[in-house]
Amino acid sequence: MRQLLLILLKRPAGQLSTDDLNSLIAHAHRRIDQLNKELAEQRVREQQHIELALEKQKLEDKKALEAAVAKALEHHKSEIEIEQEKKVEEVREVMESEMRTQLRRQAAAHTDHLRDVLKIQEQELKVEFEQVRGRGLEEQVQFGSVLLLKP
């Protein structure tokens, strides 16, 4: 068909018959149809290429978003951990301070208790000493009386 077309196109315009012109028109229509089909196929390929590129871009965007979210979460987690460590340290300091205060109170109470116990023991010992001394004087008096009575 191409050869026929080339032959027809080489003829001068006035020498073409109606059949020749119809053949040229039919060939032009077939060529147009063929080009339209190729264009449609190219559009389909381009559409597929665009869809693949968009899908690839979506995946890259999703990965970038996930990475950004993971980084933000890690940063937030670090901030929370730092804040928690600060709070734990503050609570520890308060607890240690309260424990020191409580230990001082207990030590003071223990000292007061020991002072009271020692004072009571001192009083008991004084009473006991006075009783023993009183008995000793009585015994001495009785012994002295016995000696005086003996000639």
Worksheet item: What ³J(HN,Hα) values, in whole Hz, does the Karplus curve 6.51 cos²θ - 1.76 cosθ + 1.60 give for the stretch 96-112 when θ = phi - 60°, with x put for Gly and Pro?
Response: 5, 5, 5, 5, 4, 4, 5, 5, 4, 4, 5, 5, 5, 5, 5, 4, 4
Discussion item. Under the 0.36 nm per residue contour assumption, what length would be gained going from the current alpha-carbon distance of residue 78 and residue 93 to full extension?
Written reply: 3.2 nm
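For 24, 125, which order do you get if you count the other beta carbons within 10 Å of each Cβ and list the fewest first? Each step should come with its number before you reach the end.
On the way: 24 15, 125 10.
The most exposed by this proxy come first: 125, 24.
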Worksheet entry | Hz values of 3J(HN,Hα) by residue in the stretch 52-59 - Karplus curve (6.51, -1.76, 1.60), Gly and Pro given as x | 5, 5, 5, 5, 4, 5, 4, 5
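Every read-out reported here was derived from the displayed coordinates using simple, explicitly stated rules and does not represent laboratory data. All figures in this text were calculated on a predicted structure; none of them were measured in a lab. Ideal geometry is used to build each Cβ from the backbone, glycine not excepted, and the neighbour counts take in all protein chains shown.
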